[in-house]
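What follows is one structure encoded as structure tokens, with my remarks underneath.
Just so it is clear, none of the values below were taken in a lab; they were calculated from the coordinates. Worth saying up front: this structure is predicted, and the values here are computed from it rather than measured. Note: ideal-geometry Cβ built from the backbone for every residue, glycine included; neighbour counts use all protein chains shown.
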Amino acid sequence: MKKILEVKDLEISFDTYAGKVQAIRNVSFDLHEGETLAIVGESGSGKSVTTRSIMGLLAGNANIENGQILFNGSDIVMKSEKELQKMRGKEIAMIFQDPMTSLDPTMPIGKQVAESLIKHTKVSKKDAMAQALELLNLVGIPNAEKRLKNYPHQFSGGQRQRIVIAVALICYPQVLIADEPTTALDVTIQAQILELLKDIQKKINSSIIFITHDLGVVANVADRVAVMYAGKIIEIGTAREIFYNPQHPYTWGLLGSMPTLENNGERLYAIPGSPPDLLQPPVGDAFYPRNEFAMQIDAEQQPPFFDVSPTHKAATWLLAPQAPKVTPPEEIQIRWKKFRENAFED
Ligand SMILES: Nc1ncnc2c1ncn2[C@@H]1O[C@H](COP(=O)(O)OP(=O)(O)OP(=O)(O)O)[C@@H](O)[C@H]1O
Ligand SMILES: [Mg+2]
């Protein structure tokens, strides 16, 4: 499959009063045409910063210290703001978490959906509005034709998120980035929105980067999953590889901490401890203090990636040839088996 996006050795820091925060530490991954890549990881692991850098939308105190973001072969990092504006919304579009802040409360929704088309292409206003209507129908806004002149507050939360999706899709972007697009919604609506994204992807063959801290929602949506911890990708593989054969103890913990249908109301497992302070990134493996299987080398050196399969790799010293063979704790294994049974449709 064709690579549409190649992120190579990306390092991003932020200047803060307390010092430099090393938010993204040597991140590399590819995105192929038509695929859905999920990025998962705890709060603060660097999911949003990574994807905002792809949109050229980093905060003013950010520094891209190193790396390339190749989009169809040309480097986004080197693009001027003018070039970025041409790309944003047209070739790469983003859906944010909160539909209320991504919609303009003072503009009717038809106009909002059509806006990006009018900005980026030579289409007439009338044609743009017709396409907006088509897309609003596609994303499932009832009576869309009669509601083009309505304002965002006249729609429910789930409908607003559908409108946000229509805004993002109007130019048929090659890459769609969805940053926690459903967290603000209740579970049934979440599932509907995810189905919708999958359907639309089939129709327009865009590639999707889907960010979430909930592994459950990605099981049926993602082709591949990248797990981030403390500014790094620590494991990446196909969804099946990550759910059925995870290798990094952090991924074990994440899978173990997912709620399953059966343990509704039951105490949830949580990975003990908290992530490191990225003002002073650790010399060794960032997961070392929370890793019950840690070895001396974890304190001293960052692990390289070890290949598990041609499509699966993980950065943990547990995969070094000389490491002892360890298995995840039984409590966690039981939880993730249950979770898997519920999460995958087949
Ligand atoms: N403008 C900024 N100034 C300073 N630090 C920042 C800034 N933006 C992000 N960071 C830091 O970069 C790190 C990564 O943040 P990011 O928003 O990517 O996390 P995330 O994985 O998206 O988390 P969440 O799940 O909570 O959205 C965090 O340590 C965060 O505090
Ligand atoms: Mg985020």
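Structure summary
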item	result
Stokes-Einstein D in µm²/s, Kirkwood radius over Cα pairs - the chain at 37 °C with 0.692 mPa s viscosity	154
Cβ-placed point charges (K, R +1; D, E -1), dipole of the range 28-107 about Cα centre in debye, nearest 20	220
Relative contact order, percent, the chain [alpha-carbon distance under 8 Å, six or more residues apart]	19
Cβ crowding within 10 Å averaged over residues, with 140-152, 76-88, 320-332 ranked highest first	140-152, 76-88, 320-332
Rounded to the nearest 20 debye, dipole of the range 240-343 from Cβ charges on Lys, Arg, Asp, Glu	280
Within-12-Å neighbourhood charge of ALA286 [Cβ basis; K, R +1; D, E -1]	-1
Charge dipole (the chain, unit charges on Cβ, about Cα centre) - positive-most of ALA230, GLY19, GLY110	GLY110
Unit charges at the beta carbon, dipole of the chain: most positive-side option, GLY44, ILE209, PHE305	ILE209
Choice from ALA18, ALA191, ALA166 with maximal GNM fluctuation in the chain (Cα, 10 Å cutoff)	ALA18
Charge dipole (debye, nearest 20) of the chain; +1 at Cβ of Lys and Arg, -1 at Cβ of Asp and Glu	1280
Cβ-defined net charge surrounding LYS47, 11 Å radius [Lys, Arg +1; Asp, Glu -1]	-2
Dipole of the chain, positive end: most advanced residue of ILE177, LEU197, GLY140 [Cβ charges, Cα centre]	GLY140
Euclidean distance between Cα centres, the range 35-105 to the range 166-241, Å	15
Counted charge near ASP298, where neighbours are those whose Cβ lies closer than 13 Å (Asp, Glu -1; Lys, Arg +1)	-2
